[in-house]
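What follows is a set of notes on a single structure, which appears directly below.
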Amino acid sequence: MKILFTKNIDRSVLSKSLGEHISADCVEVIKTNSIKVKPFDLKDHSLIFTSTNGVISFFQNHFKPNEDFTSKNFNKIYCVGEKTKKELRKNGFGTFKVLKNAETLSKFIIENCQHEKFLHFCGNLAISVLDNALPFQNIKYKKITVYNTEEINPLISEKYHAAAFFSPSGVRSFANQNSFDGMTLFSIGKTTSNELKKFTSQKIFTSEENTLISLLDLIKKEVKNSL
């Protein structure tokens, strides 16, 4: 099987995980750039991060969360995905709650955090799950854009048996000049799968966790089943 990954992934990781029956190419379909934001007092807001880029750009702009539980201006940190959690830890901060996707985070906040005020540090193309849900539950929520995502829209002439997608913006970028027809489609999570469903009625294989390891395990399993 010849598979296209729509982001750059270490070749050694791919070859080790996928084995000899799968050949892989990587093509970037989006690019991200941090933008300058003047840091401000986070006061007693809870903070939301839904991507590693959001964490990286947050700290590049010299924001400083307050993790002192005894302080009235303490900042709880909520995040989506283990990679985002690891990026926060790299910068010396823990997380109050880690959820697997934006939908489960939204549900958790609505059910448990009615009296908190939220700042979501994200990109310009961040999914609208949270801002479509939280304000309608009278929860104070605001997006702070700290990086830009650009959809590159590459034309890919090579033919592949399968393609793997990692974000809704990546799906849109690919769809702009390419067809999903005739390919087995893999997605790193529910949110990305939902975006794929806007462009195709084909079956979409979705990883259980929003991690590269979970996605590669799924691909390996499906390829083995097809042999």
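Laid out as a table, the results:
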quantity: Average Cα contact separation per residue, segment 121-227, under 8 Å, 6 or more apart, as relative contact order %; calculated: 19 percent
quantity: For segment 77-90, 3J(HN,Hα) per residue [Karplus equation, 6.51 cos²θ - 1.76 cosθ + 1.60, θ = phi - 60°, Hz, x = Gly/Pro]; calculated: 10, 10, 8, 10, x, 5, 5, 5, 4, 5, 5, 5, 5, 4
quantity: Alpha carbon centroid spacing (whole Å) that separates segment 179-203 from segment 10-77; calculated: 24 Å
quantity: Estimated 222 nm signal from helices in the chain, with DSSP H stretches of n ≥ 4 weighted -39500 (n - 2.57), rounded to 500; calculated: -9000 deg cm²/dmol
quantity: Phi-based couplings in Hz for segment 53-70 (Karplus 6.51, -1.76, 1.60; Gly and Pro marked x); calculated: 4, x, 5, 4, 5, 4, 6, 5, 8, 6, 6, 10, x, 10, 9, 7, 4, 7
quantity: Exposed GluC sites (Glu not before Pro) absent: longest stretch of the chain, with sites in DSSP loops and at most 12 other Cβ within 10 Å deemed exposed; calculated: 21-157
quantity: Whole-number D in µm² s⁻¹ for segment 142-227, Kirkwood Cα-pair radius fed into Stokes-Einstein, 4 °C, 1.567 mPa s; calculated: 94 µm²/s
quantity: Built amide H within the under 5 Å cut-off of residue 144, gap 5+; calculated: 120, 121, 122
quantity: Inter-label distance, nm, simple model (7 Å from Cα along the C-beta direction), residue 155/residue 117; calculated: 5.1 nm
quantity: D_trans [Stokes-Einstein, Kirkwood Rh over alpha-carbon pairs] for segment 33-150, 37 °C, 0.692 mPa s, µm² s⁻¹; calculated: 231 µm²/s
quantity: Percent RCO, i.e. relative contact order, over segment 33-150, from Cα pairs under 8 Å lying at least 6 residues apart; calculated: 31 percent
quantity: Cα long-axis angle, helix 102-112 against the chain (0 to 90 degrees, to the nearest 10); calculated: 30 degrees
quantity: Contact order relative to length of the chain, as percent, for alpha carbon pairs under 8 angstrom and 6 or more apart; calculated: 22 percent
quantity: 0 to 90° range, to nearest 10: angle between helix 212-226 axis and the chain longest Cα axis; calculated: 30 degrees
quantity: P(r) histogram, all alpha-carbon pairs of the chain included - 10 Å bins from 0, percent; calculated: 7, 31, 33, 19, 8, 1
quantity: Anchor residue 38: lysines whose Cα lies under 27 Å away (excluding residues fewer than 8 positions away in-chain); calculated: 64, 72, 76, 83, 85, 86, 90, 97, 117, 140, 142, 143
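Coordinate-derived values only; no laboratory data. Note that the structure is predicted; figures quoted are calculated from it, not measured. Every residue, glycine as well, gets a Cβ built from its backbone with ideal geometry; the counts of neighbours run over all protein chains shown.
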